[in-house]
Amino acid sequence: MNEHPIRHDDHEPAALALLGVFEPDGRRDARVRARCHAVLEKRRRRSFPSARAASRRALEPILVGGACAAFLVEVLSRAVRLYRF
């Protein structure tokens, strides 16, 4: 059982009736819509990456993979020297 009894004299329904309905501003709506369309149009135009961006996307994983491979080779060579296999 709850310690607090249910109160039937709440004023919430009356307070809710006083609230107005929010209507968005039509001019602001048009500005936001135009900005969104402009951003989408810019993204559509940039959908094909340039050759420089494409080479950078390919080059980064190759460099990171090379660094990881060099690290792995060094770890394995030190392990072989340590345990004298």
- Would you check if there is a residue in the range 76-83 being exposed (fewer than 10 other Cβ atoms within 10 Å of the Cβ), at pLDDT below 90, of a type in the set (Ser, Thr, Tyr) and in a helix (DSSP H, G or I)? yes
- Message: Which numbered condition in (1) exposed (fewer than 10 other Cβ atoms within 10 Å of the Cβ); (2) within 26 Å of the chain's Cα centre (by Cα); (3) of a type in the set (A, V, I, L, M, F, W, C); (4) modelled with pLDDT under 90 is the only one that Ala54 fails?
- Response: (1)
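Please determine whether any residue of the range 14-27 is assigned to a helix (DSSP H, G or I) and surrounded by 10 or more Cβ atoms within 10 Å (Cβ to Cβ).
Of the range 14-27, the ones assigned to a helix (DSSP H, G or I) are 14-18, 26-27.
Next cut, surrounded by 10 or more Cβ atoms within 10 Å (Cβ to Cβ) only: none.
No, there is no match, as no residue in the range 14-27 is assigned to a helix (DSSP H, G or I) and surrounded by 10 or more Cβ atoms within 10 Å (Cβ to Cβ).
The values are calculated or read from the model by the stated rules, or taken from the named source; none is laboratory data. All of these numbers come straight from a predicted model, not from anything done at the bench. Note that each Cβ is placed from the backbone with ideal geometry, even for glycine, and that neighbours are counted across all protein chains shown.
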